[in-house]
Structures are given as C-alpha cells and as structure tokens.
Amino acid sequence: MILLRDTGMCQHEISRKLNVSRTCVRQTIRKFNELHTTATKSGAGRPFKMIRRQKRAIKLQQLRDDTLSLNDLVRYAQASLNLNISRQTVSRILREFDLVSYVAPRKPQITHEQRRCRIFWCYKHLSWTETDWSNVIFSDEANFEIVNRNNRIYIRRFRNNLKRHEQFQPRVHRGGGLGIWSYITYNDLGR
C-alpha cells in the first residue's frame, strides 16, 4: 500500500487494486506516517491469563499421571498455581502440547518372568526351518460380548426428566457373550 501511495495513486485506487476497504488503506497509511512501520505493535490484544511456565506446570502434572481428568487439572491450577481457569482452557493448553485424550487400549498384564520366557522361546525357535514350522498348530480363542458389560457408557439426563428412570443400559448377569476357538497350521485354517 505504501509503495502504491508513493507512486502517486490515491486511496480509492489503492483499495480497488488490492480489493480492500478504503478504511483499511487510510488506517495503514496513517499508521505508517505516525510510526514509520506497518507492523502490529507489541502488546496488542488481550494479554494471556497464564504465563508459559504455568502452562508447562499443567502439562507436567498431566504427564506425571496420565489418568487425570480436566476437572482434576482445573483443581490443580486453582490450588497450586492460584489460577481460576476453565476446563476448555486446560484442554486448549494440553492440545498446544499435542496431548490428546483417548481410550486406553486393553492389554494383558505381562510379568517380567513371562516376558523373559517369551524372549527365550523366540531365540530358541529362531533357527527353525520351514519344515519344522509345518508341524506346528497355532490356536487362539476370543470372547465377544453381545451385550456390552465390561465397558461403561456414560449418558446424560435432565434432572427434571420424569422418564429418566425408564431409560437404562441393558445388563446381563451371566452369558451375553460368544466364545470362538480356532487354529491355523502350515497347510490349513481352522473351520
């Protein structure tokens, strides 16, 4: 804009050429005349409520215990950092550090002894030939639950909803699952 003004173009022509409003052109030229720059002044806008150190403290607290909820972190910020912030602010801070929330996958707990035995088994069978492996049958089993019993499902209800007790999650005391067993060999799949 400044270069176009210096070439002798009027503000109206500059606004048409750059497809911006005349007010924008006028304010930019006035700012350049007063400050000799078009850069935004430092400190423009609302100052942050938190400093970088406090954000890192919240991140560190989350990394120490990855099961903390947003409410727990809000309480931590109020008690330890003397900050009154919302859950959304805590969530935004954690996203800045690329910490996202997800459901932790379930996996069996393996002891050090079991891990050692598995590694020993792998090293023992490392030199097996294709003929050796053709004499092995691998089998596995899986249990699929038809009615969801092991996972919690959170639902929301209005306090004054008269039908809130009629809406429930189905539950089965015994059964409700399907067990499958199969095998795989060198030549065939289990059926």
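Brief remarks follow.
- Sequence-ordered 3J(HN,Hα) estimates for region 46-54 from the Karplus curve with 6.51, -1.76 and 1.60 and θ = phi - 60° stand at 5, x, 5, 6, 10, 8, 4, 4, 5 Hz, glycine and proline given as x.
- Mean separation of Cα pairs under 8 Å and 6 or more residues apart, divided by the residue count, gives region 52-97 a relative contact order of 38 percent.
- Per-residue Karplus couplings for region 4-21, computed as 6.51 cos²θ - 1.76 cosθ + 1.60 with θ equal to phi - 60°, are listed in order as 5, 5, 5, 7, x, 6, 7, 4, 5, 5, 5, 5, 5, 5, 8, 6, 10, 6 Hz, Gly and Pro entered as x.
- Protein heavy-atom accessible surface, 1.4 Å probe, per residue over region 52-97: 67 Å².
The values are calculated or read from the model by the stated rules, or taken from the named source; none is laboratory data. All of these numbers come straight from a predicted model, not from anything done at the bench. SASA here: full protein model, heavy atoms, side chains in, ligands and nucleic acids out. Shrake-Rupley method; radii C 1.70, N 1.55, O 1.52, S 1.80 Å.
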